[in-house]
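Okay, structure first, notes after.
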Amino acid sequence: MSSMEIVLTLYSRMRISPEKPDDPDRDRFVLSKGHCVETLYAVLAWKGFLDLENVKSRFSRFGSEYIGHPHNTLPGIEMNSGSLGHGLSVCTGMALAGKMDKRDYRVYTLMGDGELAEGSVWEAAMAAGHYKLDNLCAVIDRNHLQISGSTEDVMDPGDIPARFASFSWHVAEVADGNDIDQLNAALYQAEHTQGCPTVIIAHTVKGKGSALMENKASWHHHLPNAEEYDIIRRDLAARKEALIHEQHT
Ligand SMILES: Cc1ncc(C[n+]2csc(CCOP(=O)(O)OP(=O)(O)O)c2C)c(N)n1
Ligand SMILES: [Mg+2]
């Protein structure tokens, strides 16, 4: 839920089409924090790659193709993920290939802030900066939580902007990473940055949309009971109403 607006905004800008899922000129997206695949399923259904009713009825069922992490036999999914720390490396390769093949597609990945504890992230960051991959953009869902607590307590990621900047990346910060206008502004910046990759650090709220879940690590992998489910649905409906109202005023 912290990533919903990020993935939605990315897909509203990307050059992709469900009619040509293998188009060599398509933009690429890899959900490196694969555990939030529900977000991706919802957006891929919105874009016409998946059937939402199928996703709803088959999600996480035994033998289902809609498992709890992305896998690339489903249309629109570029890469299997779930083991954290691989998305940026693969995207660096895709971006470098785009440069070598003289194609103008763009490559995006979404990583978690807890995921930054993986060493492979920093090898890829170094390589992408070295090869000046301005067709590459990494977004970090900076919700300050990971599976078992705060990122600072479990494995402090340090000064994230400075670390990327040290590998010659352009750094953009989004103060409210659950705000679509702010995300669009940062993505526009990334599209127009030349000579280096861009990282967007989006400050988000884990469990965004329901006070029951917001900023609580215990909801990382927690099944709501019937009562909690009702509360969450009511909270989300109220947020939707508020957003619609905001749009009309
Ligand atoms: C290599 C690897 N180690 C551990 C895990 C277990 N794991 C799943 S989600 C998660 C926390 C990730 O935190 P973050 O990147 O901040 O994502 P968020 O919880 O904010 O969605 C961990 C450690 C994993 N999936 N892969
Ligand atoms: Mg996190």
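The values are calculated or read from the model by the stated rules, or taken from the named source; none is laboratory data. Everything quoted here is computed from the prediction, not taken from an experiment. Using ideal geometry, Cβ is built from the backbone for each residue, glycine included, and neighbour counts are taken over all protein chains shown.
Things to note:
- Unique match (being away from ligand 2 (no atom under 16 Å from the Cβ) and either under 14 Å from the mean Cα position of the chain (by Cα) or modelled with pLDDT of 95 or more (or both)) among Leu136, Leu145: Leu136
- Check on Ala165, among the aliphatic types (A, V, I, L, M), surrounded by fewer than 17 Cβ atoms within 10 Å (Cβ to Cβ) and more than 12 Å from ligand 1 (Cβ to nearest atom): yes
- Ala172 vs. criteria surrounded by 15 or more Cβ atoms within 10 Å (Cβ to Cβ), of a type in the set (A, V, I, L, M, F, W, C), away from ligand 1 (no atom under 16 Å from the Cβ) and in a helix (DSSP H, G or I): no
- So Gly119, is it out of contact with any strand residue (DSSP E or B) (no Cβ under 6 Å at 6 or more places or on another chain) and surrounded by 14 or more Cβ atoms within 10 Å (Cβ to Cβ): no
- Of the residues making up the stretch 190-241, those that are away from ligand 2 (no atom under 16 Å from the Cβ) and aliphatic (A, V, I, L, M) number 10.
- Of all residues making up the stretch 72-112, the number that are in a loop (DSSP other than H, G, I, E, B) and either crowded, with 16+ Cβ neighbours inside 10 Å or in contact with a helix residue (DSSP H, G or I) (Cβ under 9 Å, 6 or more places away or on another chain) (or both): 17
- Selection within the stretch 195-239 - polar (S, T, N, Q) and under 30 Å from Trp169 (Cβ atoms): Thr198, Thr204, Asn215
- Against the list (1) within 16 Å of ligand 2 (Cβ to nearest atom); (2) among the aliphatic types (A, V, I, L, M); (3) crowded, with 24+ Cβ neighbours inside 10 Å, the condition Met155 fails is (3).
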